[in-house]
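**Q** Before I ask anything, here is the structure I am working with.
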Amino acid sequence: MLLPCCYLAPVSHYSAYYRADEVRLEVCDHFTKQTLRNRCWIDSPNGPLALTIPIVKTEGKMMMRDIRISDHGNWRHQHWIALESSYRQSPFFEYYADDFAPFYEKKWEFLADFNEELMEMVAYLLDIEKPVSRTVIYEGDAFAQLPNFEARPYYQVFAQKHGFLPDLSIVDLLFNQGPEGVLWL
């Protein structure tokens, strides 16, 4: 299964990952701004909230694997505070906080490295064991190759306020369902 290399990818990506025999992360495609490569969506008290990793300005088209993370705007701290304030009331935030915190303390040079290591850690927490490799040449539009995903509602902290929000970042499923999150994949 060819998957895009995304920042805290949505539940649908992990569903495809879970069902695949092996996974190849597409890192040889051209980076496109305002995509899930450097953005994720979480639930917040005010509804869906986008968290975006700033990147170093690029000249022309660049492959995903060559995109560098910018330190602009203290984004690590802002993302961690957003995750904490949105999910601290969820059943499993405290259980997983120590696993996620280091990703918002350490500086990473390349976006693909950061995304891949986050994905590996999430897969480990969900007890998903699949071989993962990176593409070495462009293999196609990984977003277009994702199978259809039908979200099944699960408990969300703010559902009473604004209803169930499907296909948010995998952290939403993990913080709300814990190890049983894999049952929704």
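Every number here is computed from the coordinates shown, using simple stated rules; none is lab data. In this text, all values refer to a predicted model and were calculated from it rather than measured experimentally. Ideal geometry is used to build each Cβ from the backbone, glycine not excepted, and the neighbour counts take in all protein chains shown.
**Q** I'd like the FRET efficiency for Glu109 and Ile137, computed as 1/(1 + (r/R0)^6) with the beta carbon distance as r and R0 of 25 Å, rounded to 0.05.
**A** E between Glu109 and Ile137, to the nearest 0.05, is 0.65.
**Q** Still on this structure: Between Arg134 and residues 5 or more places away or on another chain, which pairs have amide H atoms under 5 Å apart, with H built 1.01 Å from N, and which residues are they?
**A** Leu25
**Q** Per Stokes-Einstein, at 20 °C and 1.002 mPa s, what whole-number D in µm² s⁻¹ belongs to the range 1-92, with the Kirkwood radius over Cα pairs as the hydrodynamic radius?
**A** The estimated diffusion coefficient comes to 145 µm²/s.
**Q** Scan the range 106-185 for trypsin sites (Lys or Arg not before Pro) in coil per DSSP, keeping those whose Cβ has at most 10 other Cβ atoms within 10 Å, and list them by number.
**A** Lys106, Lys107
**Q** Restricting to Cα atoms and excluding each atom paired with itself, what does the Kirkwood estimate give for the chain in Å?
**A** Result for the chain stands at 16.7 Å.
**Q** Using 0.36 nm per residue, how much length does the chain from Arg68 to Asn148 gain when fully extended, once their Cα-Cα distance is taken away? Let's see the in-between values first.
**A** Working: separation 80, 0.36 × 80 = 28.80 nm, distance 3.09 nm.
Full extension of this stretch gives 25.7 nm more.
**Q** Starting from the Cα of Glu59, step 7 Å along the direction of its Cβ; do the same at Glu22; then give the gap between the two resulting points in nm.
**A** For Glu59 paired with Glu22, the spin-label model returns 3.8 nm.
**Q** Still on this structure, I have one more. Once you keep just the Cα pairs under 8 angstrom separated by 6 or more residues, what percentage relative contact order results for the chain?
**A** It rounds to 36 percent for the chain.
**Q** For Leu146, what is the net charge nearby, where nearby means another residue's Cβ is under 15 Å from its Cβ and Lys, Arg count +1, Asp, Glu -1?
**A** Counting the neighbours of Leu146, the net charge comes to -3.
**Q** Can I ask one more? Please state the charge dipole magnitude for the chain, taken about the Cα centre, from unit charges on C-beta atoms (+1 on K and R, -1 on D and E), reported in debye and rounded to the nearest 20.
**A** So the magnitude is around 580 debye.
**Q** Would you calculate the separation in nanometres between label points at Tyr124 and Ala101, each defined as 7 Å from the Cα along the Cα-to-beta-carbon direction?
**A** Here the modelled spin labels are 1.6 nm apart.
**Q** So which of Lys33/Lys107; Lys57/Lys107; Lys106/Lys130 end up more than 29 Å apart by C-alpha?
**A** none
**Q** Taking the Cβ of each residue in Asp29, Asp43, Asp21 as the centre, tally the other Cβ atoms inside 10 Å and list the residues starting with the fewest. Walk me through the numbers on the way to the answer.
**A** Details: Asp29 20, Asp43 25, Asp21 7.
If I rank by nearby Cβ atoms, fewest first, I get Asp21, Asp29, Asp43.
**Q** Can you give me the distance in nm between label points at His162 and Glu94, each placed 7 Å from the Cα along the Cα-to-Cβ direction?
**A** 2.6 nm
**Q** Specify the longest stretch of the chain that does not include any exposed loop site, a site being one of the GluC sites (Glu not before Pro) with a non-H, G, I, E, B DSSP assignment and at most 16 other Cβ atoms within 10 Å.
**A** Counting at most 16 other Cβ atoms within 10 Å as exposed, the longest clean stretch of the chain is 60-104.
**Q** I want the local charge near Trp184. Using Cβ-Cβ distances under 15 Å, sum +1 for each Lys or Arg and -1 for each Asp or Glu among the other residues.
**A** Cβ neighbours under 15 Å give a net charge of -4.
**Q** How large is Rg/Rh for the range 135-180, to two decimals, with Cα atoms and a Kirkwood Rh? Numbers along the way, then the final one.
**A** On the way: Rg = 14.8 Å, Rh = 13.0 Å.
Rg/Rh for the range 135-180 comes to 1.14.
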